[in-house]
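Here is the structure we will look at, set down as structure tokens.
A short reminder: the numbers here are calculations on the coordinates, not readings from a lab. Since the model is a prediction, treat every value here as computed from it, not as a measurement. Don't worry about glycine lacking a Cβ; one is built from the backbone with ideal geometry, like all the others, and counts go over all protein chains shown.
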Amino acid sequence: MGAGHAHKLFRHGHSPVHALPSHTKLVAVFCFVVVVVSTPREAMWAFGAYALLLAAVAGLARVPALFLLKRLAIEIPFVAFAFLMPFVVPGEQTTLLGVSVSVPGLWDAWNVLAKGTLGVAASVLLAATTELRALLLGLQRLRLPPLLVQIASFMIRYGDVITDEMRRMSIARRSRGFEAKGVRHWGVLAKSAGALFIRSYERGERVHLAMVSRGYTGSMPVIDEVTATGTQWARAVALPMSALLVCLLGWTL
């Protein structure tokens with residue numbers, strides 16, 4: 001239970017960003033996102049400045065651009081939604097590439113794309129430089145409700161267990177010659193889903209009983225009590241403070 005848990009977003013390294021305590025990075029990313037969201041959408045240059053700040057952090061953390069771009073694919077649904085906005089938002093019309101679009105819709109699409117992309121990029125950088133276990137300890141350090149931290153911890157730790165169970169069930173079906181080719185096979189898949197739910201529930205019961213037998217009373221012990229020095233806090237808040245300066249200029253210029 002106390003072992004580290006690696007994930008695909010994490011990129012092992014020994015950069016100054018990796019070395020920062022997780023709770024300082026969580027605060028920095030949260031403040032950065034708040035500043036980005038607070039920036040007026042008309043200050044287009046400000047979002048370019050934010051992108052440069054994130055690029056500087058990525059360079060300092062030695063996170064390759066390709067690694068970052070691949071992980072940004074998670075926001076594709078939001079990109080699709082943003083591209084629809086110029087066609088569905090009412091208001092003044094203009095012509096773009098020979099197509100009539102809404103001016104307020106264009107601004108809304110730009111607002112969603114710019115702020116969403118920067119927020120996702122900041123989150124990806126956080127995940128790329130911080131292990132999941134360290135993130136959970138950081139949330140605990142920031143006094144997040146313990147129950148929420150425990151739920152997140154169990155989801156992370158047993159997500160792979162459930163995935164492996166699904167993989168084994170799939171192998172068992174294929175070894176018996178089963179291939180889902182149409183609607184008539186949905187019944188088998190539904191029964192498999194039900195069996196997976198029951199197995200997951202039973203596994204959860206066994207894990208809970210094992211924890212109670214070892215003294216679990218509703219809260220997990222803090223194994224590593226990590227503190228941050230003033231220098232580490234200064235390095236962490238350099239990103240949101242720089243972004244705040246850009247935001248203030250965006251509102252005044």
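Ordering of 109-119, 56-66, 90-100, 200-210 by packing is 109-119, 56-66, 200-210, 90-100, highest average first (other Cβ atoms within 10 Å, averaged per residue).
Per-residue ellipticity at 222 nm from helix content only, as computed over the chain with -39500 (n - 2.57) for each DSSP H run of at least four residues, stands at -23500 deg cm²/dmol.
Between the stretch 53-123 and the stretch 157-199, the alpha-carbon centres lie 37 Å apart. Computed over all pairs of different Cα atoms, the Kirkwood value for the hydrodynamic radius of the stretch 5-95 is 16.1 Å. Karplus-based coupling profile of the stretch 16-32, in residue order and whole Hz: x, 6, 4, 6, 5, x, 4, 5, 5, 5, 4, 5, 5, 5, 4, 5, 4, with θ = phi - 60° in 6.51 cos²θ - 1.76 cosθ + 1.60 and x standing for Gly or Pro.
I want to verify a result. In a Gaussian network model of the chain, Cα cutoff 10 Å, which of these has the top mean-square fluctuation: L189, L68, L147? Taking springs between Cα atoms under 10 Å, the residue moving most is L189. Backbone phi angles across the stretch 233-245, fed through the Karplus curve with coefficients 6.51, -1.76 and 1.60 (θ = phi - 60°), yield HN-Hα couplings of 5, 5, 5, 5, 7, 4, 5, x, 5, 5, 5, 4, 4 Hz in residue order; Gly and Pro are listed as x. The candidate values are (i) 14.5; (ii) 16.9; (iii) 20.0; the one derived from this structure for mean projected area of the Cα convex hull in nm² carries the label (iii). Tell me the angle of helix 146-175 to the major Cα principal axis of the chain, expressed in degrees between 0 and 90 and rounded to the nearest ten. Between the helix axis and the principal axis of the chain, the angle is about 60 degrees. For the chain, the longest principal axis of the Cα atoms and the long axis of helix 103-129 meet at an angle of about 50 degrees. Electrostatic tally near N111: other residues with Cβ closer than 13 Å to its Cβ, Lys and Arg +1, Asp and Glu -1, net 0. Between V103 and M155, the FRET efficiency from the beta-carbon distance, with R0 = 30 Å, is close to 0.10. Report the net charge of residues surrounding I156, where surrounding means a beta-carbon distance below 13 angstrom and charges are Lys +1, Arg +1, Asp -1, Glu -1. That sum, taken over residues with Cβ under 13 Å, equals +1. Toward the positive end of the charge dipole of the stretch 116-212, with +1 on the Cβ of Lys and Arg and -1 on the Cβ of Asp and Glu, the farthest Cα among P146, S175, Y158 is that of S175.
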